[in-house]
Amino acid sequence: MSARFSMLRKLFPQSLGGQLLIMLLLALAITQGLGLFLLTDERNRAVRAALGLEAAGRAANVVLLLDGAPTDLRTSILRAADSPLVRFEVGPEPAASHDSAEADMVLRQIRQILGEPEREVRADVHALSLASLPLPEGVPASMRPMHEAMMAGRTDPIELTLSIRLAAGDWLNVRTMFYRPALQLTPQALLPVVLMAVAVALVAWWTARRVVGPMRALAVGADRLGRGLDADPLPMTGPSEVRETTQAFNRMKARLTRFVNERTHMLAALSHDLRSPLTAMRLRIEMLDETEDSVRLKALVEEMQAMVEATLEFARGVARAEPAAEVDLAVLLADLVNDVGGDRANLAPSSPLPITVRPHALNRALRNLIDNAVRYGGVAMVKLDRTPGLAIITIADKGQGLPEDQLEAIFEPFVRLEGSRSRDTGGVGLGLAIARTIIQAHGGTVVLRNVLAGGLEAVVCLPLGDAH
């Protein structure tokens, strides 16, 4: 059951325009089907009523003739009234044993023509089966299969039996049979439905374009904003609700851009202010005699300057002023691996993969990941794969891995992979934080996971969507 439901969900359109069209056509089919059913039922009732009233009028007139004619003329009157579909007989007992609910109009019609409301009249309406119908007169029984084949396409007939008491005390029994009108699906009857379906499809298409177009532009704009790509304000089109959403998005984009610019300017000024006193301190230390204290003080100042530079770079996150450009990700990774050199890094064969990114920022992020793999795992094994909409970069090493509870914490600023504070063995603990900031600014993700065979691997996922 779940598999069938899943298959139906896959067949059902996923876009707003497709779903709108399907729902409108489904509503149209249901309403037209119900309307056709009600119309056919009403038509059947009207035809049956008309045929029943016609038979009732003939029967009432025959009663008037029989009541006023001599007994020896009855046979002639009945023979003259008979027809292939209506049979008249006079007998001592009524052929209609009870009154049917559908025969009220027929009874009123007969009594109105006779002018005798108290006249005893019975009417029975019931359906017949084609298989139970007798063969027409003169047709041998061997012809029954052919007769049934010819009648197979017709609807079951309706039989009306009338019994009217005559003035002499006996009964006039009238039998008539007619068929329900068949459902007529002619081209003329189907043409309005086809025209309405075409009209609904056109309305759905036009509505979807007015709604889906601006919504798709909004999704693209949000994706570009999340990846830090510059874009003009979105045009105000579509229904009022969509225009209000677009206007809110444009305001949010302007505020974020203003905030980032102010933050960048503030950090540039802070960088200048911090570098100046550190440079002055280094000059003063250079002028001192070289002693154990001056050497240690110089090392501390250099460490402070390195930490300040790394902290400022992390705070900036991605170099947002850098324009986006299309690069071949396979070539970019090959250059990074070649820069490491030797047997410490290798790249699995990969096909060209163009992607729009900020090249220098992404280069820095991937270089940090490769450097970490080489530093702590001895070697960096880089692999580039592609899935629908994503570029997947895997950087694995052959180290000891990490405890599971540190795989996420290691991305926090100033968290280091080893316990010492030496810059020669661990830097300042901002490499992975900077890498994640840059990759997230491109709309991607980066996670660390332990490999069963030993070692640690970083998995980077970058979207391949259009960023222009």
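The values are calculated or read from the model by the stated rules, or taken from the named source; none is laboratory data. Because the structure is a prediction, the values reported are computed rather than measured. Every residue, glycine as well, gets a Cβ built from its backbone with ideal geometry; the counts of neighbours run over all protein chains shown. Accessible surface is based on the protein model in full, side chains and every heavy atom, while ligands, DNA and RNA are left aside. Shrake-Rupley method; radii C 1.70, N 1.55, O 1.52, S 1.80 Å.
Couplings 3J(HN,Hα) of segment 158-170, computed from phi: 10, 10, 10, 10, 10, 10, 10, 6, 7, 5, 7, x, 7 Hz, in residue order, whole Hz [Karplus 6.51 cos²θ - 1.76 cosθ + 1.60, θ = phi - 60°; x for Gly and Pro]. Per-residue extension of 0.36 nm, minus the Cα-Cα distance of Val220 and Ser240, leaves a gain of 5.2 nm for this segment. Projecting label points 7 angstrom from Cα along Cα→Cβ for Gln32 and Ala325 puts them 5.8 nm apart. Arg165 contributes an accessible area of around 80 Å² to the protein surface, as traced by a 1.4 Å probe with all chains present.
Fully extending the segment from Val308 to Ala269 would add 12.7 nm, taking 0.36 nm per residue of separation and subtracting the current Cα-Cα distance. When His98, His126 are compared by accessible surface with a 1.4 Å probe, the order from highest to lowest is His98, His126.
Placing a pseudo-label 7 Å from each Cα along the Cα-to-Cβ vector at Val194 and Gln112 gives an inter-label distance of 4.3 nm.
Evaluate E = 1/(1 + (r/R0)^6) for Leu202 and Glu412, where r is the Cβ-Cβ distance and R0 equals 41 Å; express this FRET efficiency to the nearest 0.05. Don't skip to the answer; put the middle values down first.
Values: r = 56 Å, r/R0 = 1.37.
Calculated transfer efficiency: 0.15.
Stretching the chain fully between Ser351 and Leu402 yields a gain of 15.2 nm (0.36 nm per residue, less the alpha carbon separation).
I need the Kirkwood Rh of segment 330-386: take the reciprocal of the average 1/r across all distinct C-alpha pairs and report it in angstrom. Mind showing how you got there, number by number?
Working: mean 1/r = 0.0855 Å⁻¹.
11.7 Å is the Kirkwood radius here.
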